[in-house]
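Peer 1: Dropping a structure here in structure tokens format, bear with me for questions.
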Amino acid sequence: MAVADLEQRLDPQGEPTGDPPSLDEDELLRIYRAMAATRRVDERCMKLQRQGRIGFYGASTGEEAAAVGSAAALDEEDWVFPALRQGGVMLYRGWSLEKWFHHLFGNEEAAEKGRSMPCHFSDRDVNQVSWSSCMATQLPHAVGMAYAADYQGDDTVAAAYLGDGATSEGDFHTAMNFAGVWDAPVVFICNNNHWAISVPSEKQTASETFAQKAEAYGFEGHRVDGNDVLAMYEATREAVEKARRGEGPTMIEAVTYRIRGHSTSDDPSRYRDEEEVEDWRRKDPLHRYQKYLVMQDVAAPDDFEAIHEEIEAEIEEALAAAEEGSPPDLESTVEDVYDEVPPHLADQMAALKNQLEE
Ligand SMILES: Cc1ncc(C[n+]2csc(CCOP(=O)(O)OP(=O)(O)O)c2C)c(N)n1
Ligand SMILES: [Mg+2]
């Protein structure tokens, strides 16, 4: 079987390959800004981790177009069920950098008061559940939410993100089957970044493509150039509109690449060739989009520098606020799950306090 064509809107030089996108200039620039912010926040966070100022980080360098292009196709009311590299989705949807850094510092000011795994962002403000550390568990949740929304007659769509590695999990197949049988308004967005930690995508599946898996479940799969932000936008927009019309799910395979290690705890030089990485660096989604914006007179080359400086200043300010944040109150470890703290947890808290005093 021939490998399905890669859907593209921009060629590698940033030249449009088909119809112009259905986006105005402000929207095109908002997309660029979110991509550039994601790249810069990642660079800063990698350094913070190496300096010992935050504990853990997983960057999405090289995958900004897959995140931001798909996010731009969602409505504010839609819900996002992320995998591991959807920071760009949150930034596009208006999440503040201050919250980003409070979370990484485990501060009292963070929504989860320091109790979640670092770099597993979530916030009701942007309709996003926590990043999923246990691979693929977010997918049945997303389908369940989508099915419930449909049942209740509201037109919310669920965006269910996953990695290539997550397609080997049982939860992926459960979610795909449920979505297909019940026509749930969900869009599966699979970042095929070619690696699941040290396992290459060729060893993840015997299928020619990840997108074709959708066919077995009775719905459409699209194989999209994940480094082409406009292709990601258009493919997701069509899938979201279809879901909102009550015509069921779609799967999008975003073909992209994980430029950095899996996380700050990984050393990819142990298992892959630097040449492969260099090859993909040349396909940088930000550079391609910059070329397009300049060619279309949406931006001048100098504008990017100004945007980057603004982002850097916002990062500095947010980081300074997080560094002045407070550690969570000890009591907060037993709060927020039950309306009232149950006796056994109150006893454990008292025992812990005694021990700390001693
Ligand atoms: C159920 C489960 N098994 C194994 C792991 C360990 N683990 C964490 S991320 C990961 C690979 C994820 O790869 P992929 O889905 O391709 O996402 P990517 O990291 O490439 O974005 C693995 C094996 C886990 N978190 N959960
Ligand atoms: Mg992967």
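Peer 1: For GLU220, indicate whether it is more than 27 Å from ASP284 (Cβ to Cβ) and not aliphatic (A, V, I, L, M).
Peer 2: So GLU220 passes the test.
Peer 1: A follow-up question, please. Looking only at helices (runs of 4 or more DSSP H) that lie completely in region 247-358, which have at least 3 residues being of a type in the set (Gly, Ala, Ser) and farther than 21 Å from GLY226 by Cα?
Peer 2: In region 247-358, 301-323, 343-357 are the helices (runs of 4 or more DSSP H) which contain 3 or more residues that are of a type in the set (Gly, Ala, Ser) and farther than 21 Å from GLY226 by Cα.
Peer 1: Now for a different question. Would you tally the residues in region 163-189 being away from ligand 1 (no atom under 16 Å from the Cβ), in a helix (DSSP H, G or I) and either surrounded by fewer than 24 Cβ atoms within 10 Å (Cβ to Cβ) or among the hydroxyl-bearing types (Ser, Thr, Tyr) (or both)?
Peer 2: Qualifying residue count for the region: 5.
Peer 1: Farther than 19 Å from ILE31 by Cα, in the same structural domain as ARG40 (by TED's automatic domain parsing) and among the hydroxyl-bearing types (Ser, Thr, Tyr) - does that describe any residue in region 241-254?
Peer 2: Among the residues of region 241-254, at least one is farther than 19 Å from ILE31 by Cα, in the same structural domain as ARG40 (by TED's automatic domain parsing) and among the hydroxyl-bearing types (Ser, Thr, Tyr), which makes the answer yes.
Peer 1: Here is a further query. Criterion first (exposed (fewer than 15 other Cβ atoms within 10 Å of the Cβ), more than 16 Å from ligand 1 (Cβ to nearest atom) and over 21 Å from VAL80 (Cα atoms)) does GLU208 satisfy it?
Peer 2: Numbers: exposed (fewer than 15 other Cβ atoms within 10 Å of the Cβ): yes; more than 16 Å from ligand 1 (Cβ to nearest atom): yes; over 21 Å from VAL80 (Cα atoms): yes.
In short, yes.
Peer 1: Can you tell me which of GLU43, GLU98, GLU64 is within 16 Å of ligand 1 (Cβ to nearest atom), acidic (Asp, Glu), farther than 19 Å from VAL129 by Cβ and at pLDDT 95 or above?
Peer 2: GLU64
Every residue, every condition in (1) buried (at least 20 other Cβ atoms within 10 Å of the Cβ); (2) without any contact (Cβ under 8 Å) to a residue 40 or more places away in the chain, yes or no:
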site	(1), (2)
GLU202	no, yes
HIS222	yes, no
ASN227	yes, no
ALA239	yes, no
PRO249	yes, no
ALA254	yes, no
PRO268	no, no
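Peer 1: Take the residues in region 155-177 that are away from ligand 2 (no atom under 16 Å from the Cβ) and touching a residue at least 60 places away in the same chain (Cβ under 8 Å), then tell me which one is nearest to GLN212 (Cα to Cα).
Peer 2: Filtering first and then ranking leaves MET176.
Peer 1: For residues that are outside any helix (DSSP H, G or I) and surrounded by fewer than 24 Cβ atoms within 10 Å (Cβ to Cβ), scanning just region 140-162, find the one that is farthest from ligand 1 (Cβ to nearest atom). Can you show your working first?
Peer 2: Narrowing region 140-162 to residues outside any helix (DSSP H, G or I): 152-162.
With the extra rule that they be surrounded by fewer than 24 Cβ atoms within 10 Å (Cβ to Cβ), the set shrinks to 152-156.
Numbers: GLN152: 31, GLY153: 34, ASP154: 30, ASP155: 29, THR156: 25 Å.
Among them, the one singled out is GLY153.
Peer 1: Can you name every residue in region 321-343 that is more than 24 Å from ASN107 (Cβ to Cβ), under 38 Å from the mean Cα position of the chain (by Cα) and loosely packed, with under 11 Cβ neighbours inside 10 Å?
Peer 2: Within region 321-343, ASP339, GLU340 qualify.
Peer 1: Are any residues in region 190-228 more than 14 Å from ligand 2 (Cβ to nearest atom) and in a loop (DSSP other than H, G, I, E, B), and if so, which ones?
Peer 2: ALA206, SER207, GLU208, THR209, ALA211, GLN212, TYR217, GLY218, PHE219, ASN227, ASP228
Yes or no, residue by residue, for (1) of a type in the set (Asp, Glu); (2) over 18 Å from ARG40 (Cβ atoms):
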{"position": "VAL240", "(1), (2)": "no, yes"}
{"position": "MET251", "(1), (2)": "no, yes"}
{"position": "ARG260", "(1), (2)": "no, no"}
{"position": "TYR271", "(1), (2)": "no, yes"}
{"position": "GLN290", "(1), (2)": "no, no"}
{"position": "ASP297", "(1), (2)": "yes, yes"}
{"position": "ASP303", "(1), (2)": "yes, no"}
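The values are calculated or read from the model by the stated rules, or taken from the named source; none is laboratory data. The model shown is predicted, which means the values in this text are computed figures rather than measured ones. Please note: Cβ atoms are built from the backbone with ideal geometry, for glycine as well, and neighbour counts cover all protein chains shown.
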